[in-house]
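Worksheet: one structure, shown below.
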Amino acid sequence: MLLRVSYRDSTTALLARLSYTTIAPLQRVLNASVRLVYGLRPCDHVSATAIEQHWLPVEARIQFKLCFLVHLTLIGNAPTYITDLLQPVSSLTSRGTVLRSATRSDFQVPRTRLKFGERAFSVAAAKSWNNLPLHVSIADNTDSFKQRLKTFYSAHFMINHSQLLLCNVLCTV
């Protein structure tokens with residue numbers, strides 16, 4: 001089965017490492033969509049419904065798309081202009097296979113001096129991929145990878161959401 005990188009996948013990756021003030025309006029649109037689709041009232045919280053229906057928040061969705069593009073690079077289904085932007089740690093001649101990251105299929109994260117440089121695909125995608133747990137990044141096929149990745153980001157979001165709720169409860173007491 002041949003997979004192609006869609007226009008939607010590559011444009012979502014452009015949103016990597018944007019500030020909260022830029023992402024917040026997109027998250028509000030997603031929240032409004034959850035309310036509309038599931039018939040929630042304007043004052044209802046959407047996080048529980050979004051988690052239950054496996055709708056990732058905007059920031060997690062961006063990280064999901066970045067990691068998916070890296071996965072397509074690893075299996076050879078990404079365009080060369082994306083493949084050329086990523087350099088595996090194992091291919092670096094100065095380091096060899098001495099580092100654990102060389103055996104984990106991690107990618108080199110290029111150094112940047114500016115915040116804007118952190119938004120480059122070569123930096124943002126490498127950081128996102130290198131932060132994945134090993135059981136997610138070594139998935140055998142694309143379907144199992146996507147399932148593990150979405151489960152990872154859903155669980156990560158649920159933990160962050162429950163910490164936020166706990167903080168809100170403690171602050172009101």
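Where residues in the stretch 72-91 are buried (at least 16 other Cβ atoms within 10 Å of the Cβ) and more than 19 Å from the chain's Cα centre (by Cα), which of them is nearest to Asn130 (Cα to Cα)?
Among those residues, the one meeting the criterion is Val89.
Quick check on my filter: what residues within the stretch 121-138 are part of a loop (DSSP other than H, G, I, E, B) and either buried (at least 16 other Cβ atoms within 10 Å of the Cβ) or acidic (Asp, Glu) (or both)?
Leu132
Here is a list: Thr97, Thr93, Thr80. Which entry is among the hydroxyl-bearing types (Ser, Thr, Tyr) and at pLDDT 85 or above?
Just one listed residue meets the conditions, Thr80.
If you go through the stretch 32-64, how many residues are farther than 23 Å from Ser144 by Cβ, touching a helix residue (DSSP H, G or I) at 6+ places or on another chain (Cβ under 8 Å) and either surrounded by fewer than 17 Cβ atoms within 10 Å (Cβ to Cβ) or at pLDDT 90 or above (or both)?
Here the count works out to 6.
Do you know which residues across the stretch 123-144 are hydroxyl-bearing (Ser, Thr, Tyr) and touching a residue at least 12 places away in the same chain (Cβ under 8 Å)?
Within the stretch 123-144, Ser128, Ser137, Thr142 qualify.
Among the residues of the stretch 123-145, write down those that are of a type in the set (Gly, Ala, Ser) and at pLDDT 85 or above.
Result: Ala124, Ala125, Ala126, Ser128, Ser137, Ser144.
With respect to Asp106, is the statement that it is surrounded by 14 or more Cβ atoms within 10 Å (Cβ to Cβ), at pLDDT below 90, touching a Lys or Arg at 6+ places or on another chain (Cβ under 7 Å) and within 19 Å of Leu149 (Cβ to Cβ) true?
No: the conditions fail for Asp106.
Output the residues belonging to the stretch 28-73 that are at positive phi and free of Cβ contacts under 8 Å to residues at least 60 places away in the same chain.
Gly39
The values are calculated or read from the model by the stated rules, or taken from the named source; none is laboratory data. A quick note: this is a predicted structure, and the numbers were derived from the prediction, not measured. Every residue, glycine among them, receives a Cβ derived from its backbone with ideal geometry; neighbour counts consider all protein chains shown.
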